[in-house]
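K.L.:
First, the structure itself, so that you have it in front of you.
The values are calculated or read from the model by the stated rules, or taken from the named source; none is laboratory data. This is a predicted model, so every value here is computed, not measured. Cβ atoms come from the backbone with ideal geometry, glycine included; neighbour counts cover every protein chain shown. Side chains are part of the model used for accessible areas, which takes the heavy atoms of the whole protein and leaves out ligands, DNA and RNA. Shrake-Rupley method; radii C 1.70, N 1.55, O 1.52, S 1.80 Å.
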Amino acid sequence: MIHYTCDGCGRSIDSTNEMRHVVRVEVYAALDPCDEELEDDRDHLQEIQDLLERLDDEDDAALGDEVYHQQRFDLCSECRRRYVKNPLGRVTTEHLGFSQN
Ligand SMILES: [Zn+2]
């Protein structure tokens, strides 16, 4: 049996009794097409691939991460609920007593 650990709270998830949730985060630079490229429906992933290959030549891994970044998390039900409510981890103002005025 495979044991998973929740990446949110660090608790181990017993997948036989409990639902395990997977979050896949994909962050990539939005490459807006130029005017002349609008007519053909180009594959942005291919463009990123090309860009990454060029970056590889320059051996600049940090910049590559800025262009394309992927991560995967295992979450327990509780952390899943929390994540879905606030995926960007923003500080919600409602708890801080700010008014809308
Ligand atoms: Zn958790």
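K.L.:
Tally up the residues in the range 10-21 that are open to solvent by less than 70 Å² (accessible area, probe 1.4 Å) and of a type outside the set (Gly, Ala, Ser), please.
P.N.:
Number satisfying all stated conditions: 5.
K.L.:
Right, Glu47: touching a Cys at 6+ places or on another chain (Cβ under 9 Å), surrounded by 13 or more Cβ atoms within 10 Å (Cβ to Cβ) and at pLDDT 80 or above or not?
P.N.:
Here the answer is no, as Glu47 does not meet what is asked.
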